[in-house]
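The values are calculated or read from the model by the stated rules, or taken from the named source; none is laboratory data. These numbers were taken from a predicted model, which means no experiment stands behind them. Virtual Cβ from ideal backbone geometry, glycine too; neighbours counted across all protein chains shown. Just the protein is used for accessible areas: all its heavy atoms, side chains included, with ligands, DNA and RNA removed. Shrake-Rupley method; radii C 1.70, N 1.55, O 1.52, S 1.80 Å.
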Amino acid sequence: IGNFSLAFAAPPKVTRFTLNNGIRVVSLYVEDSTDVVIFNYLPLGLVADGKAKTQWSHLIEHLTLRTTGPIDYPSSSAETMADNMRLESIGNTDNWTQGLERHAKWLSGLPFSEESLAEELPNALSEIDITETRLATHKWASAAWNQVFRHGETDISMRGDVQSAQLRELQEYRDRHLVQADRVLLCVIGGIDSETLQPVMEGQLGSINLIAKTLPPATATPEAVKDRTATWDINVTHYIETYAIPRPENEDYPALYIANALLNLGLMQDTELKELTGFVLCSVDLVTPEQTYLQISASLKPDTDIEAVKQPIRLLINRLKQPENNTQVAMAAPSLSMQFSFPLDVEMIKQQIPAGTSGTMALGNIGLWWGMLEYQYGKTLPQLASAFADVSADDVADVVNRY
């Protein structure tokens with residue numbers, strides 16, 4: 001987000017199609033590649049979880065992968081984000097149909113097992129332990145924010161909510177919320193062209209029955225006074241600011257997205273914040289079933305005063321309220337327009353990645369990013385790409401002042 005000087009070469013060829021049952025597919029064909037990486041995006045995420053069901057979606061991610069047997073991490077992986085879940089398989093032009101078969105089984109709602117729950121619960125909890133020591137608690141803070149803001153909770157049990165969950169409850173929760181009509185997207189990147197891909201995907205995935213489902217509703221009405229303090233069972237203090245913003249179809253969204261990018265850059269470069277926080281970031285990925293939010297999220301170092309963190313954040317926001325401070329918009333706007341217009345070129349990325357990073361990983365990162373854009377923005381993606389190019393410094397100041 002902070003790099004506005006990307007050069008673009010020949011990107012993968014993008015083809016979109018929809019299976020008979022409504023599953024959307026975007027194909028990124030990379031000529032001469034022997035890799036095939038498949039990403040599966042689903043609507044259940046950490047800020048949609050139900051009351052007192054903190055990170056149930058995360059545990060369901062682990063259990064869903066296990067429905068096809070022990071997880072082979074070199075060829076299968078997954079991640080639960082704030083607003084979606086991603087399941088992925090990594091293969092090649094010889095075995096890609098096996099990866100597709102796994103995706104078909106993950107979407108089919110195969111039963112969970114007590115053995116899988118016993119083995120995967122500690123794995124899910126260990127991810128909290130790792131991020132806690134690194135002060136990288138942003139995902140869990142989003143999950144806690146969901147419980148506080150959407151459900152009125154004040155004492156968040158990040159570990160306890162999943163430790164007390166019963167197998168039957170988790171499977172019913174998965175069945176009600178995970179695979180929803182019009183909300184399933186697969187992104188395939190690699191050396192299989194769309195003409196080959198489409199009939200095979202129709203054969204393996206087209207018979208899966210997608211029905212209209214809903215995510216768990218909010219159980220508390222946001223109050224006029226929105227400052228909240230809560231406790232959680234993670235040994236890190238985390239601070240979040242959220243601002244309700246319109247959805248991507250709204251004409252203000254492109255300028256808000258660029259404001260988000262400029263804020264992110266400012267937060268990363270602020271030396272005062274670096275002294276006070278583990279990590280601080282800004283994003284527009286906090287998307288609940290009811291509302292989209294711009295969030296600023298900071299993990300605090302021990303004994304840091306929250307007020308001391310608020311001050312530099314406020315200064316950065318206030319700067320964006322003045323058009324003369326937004327000179328970076330002239331670079332950010334056309335760069336984001338290109339990033340939303342077509343995927344990055346694989347060979348260019350390979351030349352820029354650190355030594356020891358595989359070409360497969362580089363290709364996968366391109367597919368992951370583009371698949372996320374397709375999932376989050378859908379039919380509005382071309383319009384957003386075009387609209388970014390027209391955003392001015394005045395537009396950014398205007399939306400920052402208003403939102």
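Key figures
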read-out: For segment 315-368: accessible area per residue (Å², 1.4 Å); value: 51 Å²
read-out: At R0 = 41 Å, FRET efficiency that the Cβ-Cβ distance of residue 358 and residue 311 yields, to 0.05; value: 0.45
read-out: Modelled label reach - residue 196, point 7 Å along Cα→Cβ, segment 63-105 residues with backbone N closer than 13 Å; value: 92-98
read-out: Rg followed by Dmax, in Å, when segment 358-403 is reduced to its Cα trace; value: 15.2, 45
read-out: Paramagnetic reach from residue 72 in segment 93-121 [backbone N under 20 Å; point 7 Å along Cα→Cβ]; value: 93-108, 110, 116, 120
read-out: Protection-proxy order for peptides 51-64, 189-202, each taking the mean of Cβ atoms within 10 Å per residue, highest first; value: 51-64, 189-202
read-out: Cα convex hull volume per residue for segment 43-178 (Å³); value: 107 Å³
read-out: Long-range HN-HN contacts of residue 85 with modeled amide H, under 5 Å; value: 42, 44
read-out: Debye-sum result for segment 39-119 in log10 I(q)/I(0), which assumes one identical scatterer on each alpha carbon, at q = 0.15, 0.26 Å⁻¹; value: -0.53, -1.32
read-out: Length added when fully stretched, residue 403-residue 231, from 0.36 nm per residue minus Cα-Cα; value: 59.1 nm
read-out: Sum of -39500 (n - 2.57) over DSSP H runs of 4+, divided by residues of the chain (222 nm, nearest 500); value: -13000 deg cm²/dmol
read-out: For residue 286, residues with placed amide H under 5 Å, excluding near neighbours; value: 293, 295
read-out: Carbon and sulfur %, accessible surface of the chain computed with the full protein complex present, 1.4 Å; value: 50 percent
read-out: Gain on full stretching of the segment that runs from residue 163 to residue 389 - 0.36 nm per residue minus C-alpha separation; value: 76.6 nm
read-out: Highest-fluctuation residue, 17, 149, 388 considered, GNM on the chain with Cα pairs under 10 Å; value: 17
read-out: Lys pairs under 16 Å by Cα in the chain, provided they are eight or more residues apart or on distinct chains; value: 5
read-out: Kyte-Doolittle at least 0.5, axis length at least 18 Å by Cα - qualifying DSSP helices, the chain; value: 253-269
read-out: Listed peptides 281-290, 163-172, 314-323 by packing density, highest first (mean Cβ within 10 Å); value: 281-290, 314-323, 163-172
